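The values are calculated or read from the model by the stated rules, or taken from the named source; none is laboratory data. For clarity, every value in this text was computed on a predicted model and none was experimentally measured. All Cβ positions, glycine included, derive from the backbone under ideal geometry; neighbour counts span all protein chains shown. Protein only, heavy atoms only, side chains kept; ligands, DNA and RNA dropped before computing areas. Shrake-Rupley method; radii C 1.70, N 1.55, O 1.52, S 1.80 Å.
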Amino acid sequence: MYQPSSRREVDSQVLDLETAVKDGVLGGGGGCGLIATGFGSEKLDLKLMIEELEPMDVPMVFICPISLEPMHDPVTLCTGQTYERSNILKWFSLGHCTCPTTMQELWDDSMTPNKTLQQLIHSWFSQKYLAMKKRSEDVQGRVKEILENLKKIKGQARVQALKELRQVVQVHGTAKKTVVENGGIGLISSLLGPFTTHAVGCEVIGVLVNLNLDLNSMSDLLQPAKISLMVDILNEGSIETKINCTRLIGMLIEGTDFASQNVASLSLLVGLLRLVKDKKHPNGVVAGLNLLKTICSHEPVRNSFVNVGAVPQLVELIPGLNNECLELVLHILELLSSTPEGRLALKDCPSTIPNVVKLLMKASENCTQLALSILWSICKFAPEECASLAVDAGLAAKLLLVIQSGCNPVLKQRSAELLKLCSLNYTTTIFISKCKLTRTIQ
């Protein structure tokens, strides 16, 4: 759906094109008249232009009041209101004998083609379309020029060229396509090597993360030396560079059977932990957690992550996270709880049980499910110690809420099992008093 322009609305029955241009409907100055298309006598297809142009503010007079889309074949009714022909015909076919905008009953069912408005619409979109094409050609030419220069230049000139290329591919889809079609991915990837400077590496990663990488390119970038360089840059770069490194590594290993020992180095895990703890930059937190989730889905990595002290750091993050980040953290902790070392680290962290219990029936159902899984793992691992702590933290009342709620049966069953596990160390009376429940609930 197109967004009507904030310019003042003019009468739907445009009688004079020159006046309309002067009034600013075309966005030009007075006296410019119709624009040249640049295609000789060939008339540009309006439908094609509208499809290829990016969404933009369109003058209100061009918009059909029924579909809220630009008109191709405008016709005017006896009330003076103008509509797209196909839309008003459909209105009439439904048995209506009124004007859709004013709801006046029509005293004349004739439709007058509004040729002047049609010409104005075509001219306006032609102007925008040709300007877009010109920009696109300029971008393509500049990208090709930069790629050629990168084969020859070095030092600060190379950094500046890569910086310009990064800025262009971030904004223009045409630039990304041009880089790919002209072998730019291989050229840019080749700049990552043992003697790559930090400045060049940052810009290379900034370019690559904005491109659609094929399997061969990803395989080349997954070489240990290049991954090691990315990790070094992640640990030393600006916040933008850290996020770009994180996203690029995520792109490279997502859905692939990567060699975890080459990718998931301790240096990477520590760098990602630093990133997710920096709450000043939410984009970095999300990117870091997504990559940690992907890495921890590979079982051999989990103990390494536990050994760098990840569990207490992630647990302490829980209270200040939004739902998206909460699910990611809980998913990671659930994966870590599948190992004995992970369960021990969760048990030994004094904030684990209080922070996780609070999430039951508080965030999303998925968060509740993940939280239950974590609590079950650690209470089963050390029932005498953890079950009593969980009950003191209010777990029993939360579990009863889950059981009585409309959530899925699997959650209810797991809640009932966990409630039974927590009650084993108490008599019925003491358990009820601990839970601050009444005899009625018993």
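Can you order the peptides 179-190, 66-77 by their average number of other Cβ atoms within 10 Å per residue, highest first?
66-77, 179-190
Say R0 is 41 Å: what FRET efficiency, to the nearest 0.05, do residue 181 and residue 297 get from their beta-carbon distance?
Values: r = 34 Å, r/R0 = 0.83.
Using R0 = 41 Å, I get an efficiency of 0.75.
In whole angstrom, and with the biggest value first, how far do the Cα coordinates of region 301-393 range along each principal axis?
Rounded to whole Å, the extents work out to 30, 28, 18 Å.
At a Förster radius of 35 Å, what calculated FRET efficiency corresponds to the Cβ-Cβ distance of residue 85 and residue 138, to the nearest 0.05? Spell out each step's value before the answer.
On the way: r = 37 Å, r/R0 = 1.07.
So, using R0 = 35 Å, E works out to roughly 0.40.
With a bin width of 5 angstrom, please list the P(r) values of region 134-350 as percents of all Cα-Cα pairs, from the 0 bin to the one holding the largest distance.
Answer for region 134-350: a P(r) of 1, 7, 15, 17, 18, 14, 11, 8, 5, 3, 1, 0, 0 percent.
How much of the calculated P(r) for region 52-113 lies past 19 Å, in percent of all Cα pairs?
Details: 515 of 1891 pairs.
Cα-Cα pairs in region 52-113 separated by more than 19 Å: 27 percent.
What FRET efficiency would be calculated for the residue pair residue 410, residue 78, taking the C-beta separation as r and a Förster radius of 56 Å, to the nearest 0.05? Walk me through the numbers before you get to the answer.
Numbers: r = 64 Å, r/R0 = 1.15.
After rounding to 0.05, the efficiency reads 0.30.
When the chain is fully extended, how far beyond the present Cα-Cα distance does residue 339 get from residue 198, taking 0.36 nm per residue of separation? List each step's numbers first, then the result.
Working: separation 141, 0.36 × 141 = 50.76 nm, distance 3.74 nm.
Length difference between fully extended and current span is 47.0 nm.
Using a 1.4 angstrom probe on the protein heavy atoms only, could you order 414, 302 from most to least accessible area? Intermediate results must be reported in sequence, preceding the final value.
Values: 414 75, 302 25 Å².
Result, largest first: 414, 302.
Return the loop-located chymotrypsin sites (Phe, Trp or Tyr not before Pro) in region 77-144 (DSSP other than H, G, I, E, B) with at most 13 other Cβ atoms within 10 Å of their own Cβ; answer none if there are none.
On the way: sites: 83, 91, 92, 107, 124, 125, 129; in loops: 107.
Counting only loop positions with at most 13 other Cβ atoms within 10 Å, the chymotrypsin sites (Phe, Trp or Tyr not before Pro) in region 77-144 are 107.
Under the definition of Cα pairs under 8 Å and six or more residues apart, what whole-number percent is the relative contact order of region 173-298?
Computed value for region 173-298: 22 percent relative contact order.
Label-point separation (nm) for residue 160 and residue 385, each offset 7 Å from Cα along Cα-to-Cβ?
6.2 nm
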